[in-house]
Amino acid sequence: MNYISTRGDQSPKRFCDILLEGLAPDGGLYLPDHYPEVDAATLSRWRDVYHQQGYAELAFEVLSLYIDDIPPADLKVLCAKTYTVEVFGTGEIVPLRHLENGIWLEALSNGPTLAFKDMAMQLLGNLFEYELARRGEELNILGATSGDTGSAAEYAMRGKKGVRVFMTSPQGRMSPFQQAQMFSLMDDNIFNIAVDGVFDDCQDMVKAVSNDLEFKRRYKIGTVNSINWARLLAQVVYYFAGYFQATQSNAEKVSFTVPSGNFGNVCAGHVARMMGLPVAHLVVATNENDVLDEFFKTGVYRVRASADTHETSSPSMDISKASNFERFVFDLLGRDGARTKALFGEALSRVGFFDLEAHPAFSQAASRYGFVSGKSTHADRLSTIKDTWERHGMMIDTHTADGVKVAREHLQTGVPMIVLETALPIKFAATIVEATGQQPDRPAKFIGIEDRSKRVMSMAADAQAIKTYIADKCS
């Protein structure tokens, strides 16, 4: 399997090369040169693998189609090491819970940091350590987080040989629990940087450093954001696992609703659907930062400035530049790298938007690729959290509430709707209490976390400043 850039560079790369590289040299994102098609026989076999041998074996089956430069025996060991009861608290790893007629929740937040990001990040940590040891190299990971990516990355990488993590986050924009999870880590290879700005400013810093090829190569810069294909690939697995739990046969279809800000999680669903998973709809649920909902309804993709990015009670989705959206648009435009580059590399930087409404491909976003969308507000999520608690005795976090609200608007008779859980409610306790009057459960290991000592430095939203900081810490 070879990988190419969304912006036209067709130079074939292998998986382990792009694992450590992050962005392509031309500023694009990596995708496989084709999506492996899963036939009916393979899908049936994978159903048996999941139910009889477990999630780790299913992960090995899916990942093997995309990773052919790691020996199969080693890849199997890495999957088995990652997806364990000890790490995720349940043998099912991603159990489905029935919410109400037609709607299911796929539990993705059983990992070390109580968020769905653990599903991919735990694997990424093991892949990094394996490949760096094989090459005898080191890696400096530069990341941006709006909430959960940072802690998931740091918990996955802490203590890993040959890896340092430099994680940027928007100053004061995460919940107190999210901040404490990151800033309380004192490991020597973890560096937290609070940026004066919003998530998009952090993400812009990461991209600017990644696009400085000389600096990137000198300091061995890699990424853990979902711009890294390996992370998105790991997320593909739980779409298959959710499908196998919700259906009895491959003749059935399901839909997935995915709370989305950076488009990484739902892009993994797009990949699964392209492989042949019987998915009716991929429902994109946004909060007040509705860039993606606007596109799927109008064809206009319009990024917002920092001042126009709303601070909401589902803060992990407070994003106005959805990096992974470029991967989908590349597919939507028939994998036209030049056109994709013109849109994402030129139009956005010049005028801040592009409009595909009149493009023949736009109608295919729904008809061919299954995408629909919806929006949720603070009032909506309060109502959804309260209703779900009072009617079902189930407490959900704010982002998952956005998903449930939008999922209810897109139900189809006879098609199970699976809402991907984003995090456990404790990460957003203030809003849960506002909605229900009840404090959410807190795992014992996180009692008093907000009161622990913190280590974090503040920084302006300046790419040169982060480069200087990295150079200093690596000297």
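The values are calculated or read from the model by the stated rules, or taken from the named source; none is laboratory data. Quantities reported herein were computed from a predicted structural model and do not represent experimental measurements. Every residue, glycine among them, receives a Cβ derived from its backbone with ideal geometry; neighbour counts consider all protein chains shown.
Structure notes:
- The residue that is surrounded by the most Cβ atoms within 10 Å (Cβ to Cβ), among those in region 69-109 that are in a loop (DSSP other than H, G, I, E, B) and of a type in the set (D, E, K, R), is Glu92.
- Residues of region 140-164 classified as buried (at least 24 other Cβ atoms within 10 Å of the Cβ) and more than 20 Å from Leu424 (Cα to Cα), total: 5
- For first residues located in region 221-235 and more than 13 Å from Leu123 (Cβ to Cβ), partners that are part of a helix (DSSP H, G or I) and of a type in the set (S, T, N, Q) and lie 6+ apart or on another chain with Cβ distances below 7 Å form the pairs Ile221/Ser210; Thr223/Ser210; Asn225/Thr149.
- Scope region 360-396; condition touching a residue at least 60 places away in the same chain (Cβ under 8 Å), in a helix (DSSP H, G or I) and basic (Lys, Arg); matching residues: Arg381, Arg391
- The residues of region 292-315 that are among the β-branched types (Val, Ile, Thr), in contact with a Ser or Thr (Cβ under 6 Å, 6 or more places away or on another chain) and farther than 16 Å from Val351 by Cα amount to a single one, Thr309.
- Meets criteria (in contact with a Cys (Cβ under 8 Å, 6 or more places away or on another chain), of a type in the set (Asp, Glu), farther than 30 Å from Gly345 by Cα and in a helix (DSSP H, G or I)) for Glu61: no
- Hits in region 327-359 - residues which are in a helix (DSSP H, G or I) and over 23 Å from Gly22 (Cα atoms): Arg350, Val351
- Checked against (1) in contact with a strand residue (DSSP E or B) (Cβ under 8 Å, 6 or more places away or on another chain); (2) surrounded by fewer than 22 Cβ atoms within 10 Å (Cβ to Cβ), Ala407 passes all but condition (2).
- Criterion violated by Thr398 - all others in (1) farther than 23 Å from Phe263 by Cβ; (2) modelled with pLDDT of 95 or more; (3) surrounded by 13 or more Cβ atoms within 10 Å (Cβ to Cβ) satisfied: (1)
- Subset of region 1-52 (residues that are touching an Asp or Glu at 6+ places or on another chain (Cβ under 9 Å), part of a helix (DSSP H, G or I), under 30 Å from Glu252 (Cα atoms) and of a type outside the set (Phe, Trp, Tyr)): Thr42, Arg45, Val49
- Strands (runs of 3 or more DSSP E) fully within region 154-269 counting 3 or more residues that are under 30 Å from Ala444 (Cβ atoms): 163-170, 190-196
- Tally of residues being out of contact with any Gly (no Cβ under 7 Å at 6 or more places or on another chain) and either under 19 Å from Glu311 (Cβ atoms) or not in a helix (DSSP H, G or I) (or both) across region 428-475: 29
- Exactly one residue out of Asn250, Asn228 is crowded, with 24+ Cβ neighbours inside 10 Å and out of contact with any strand residue (DSSP E or B) (no Cβ under 7 Å at 6 or more places or on another chain): that is Asn228.
- Qualifying residue in region 455-462 (condition: free of Cβ contacts under 8 Å to residues at least 12 places away in the same chain, surrounded by 13 or more Cβ atoms within 10 Å (Cβ to Cβ) and not hydroxyl-bearing (Ser, Thr, Tyr)): no
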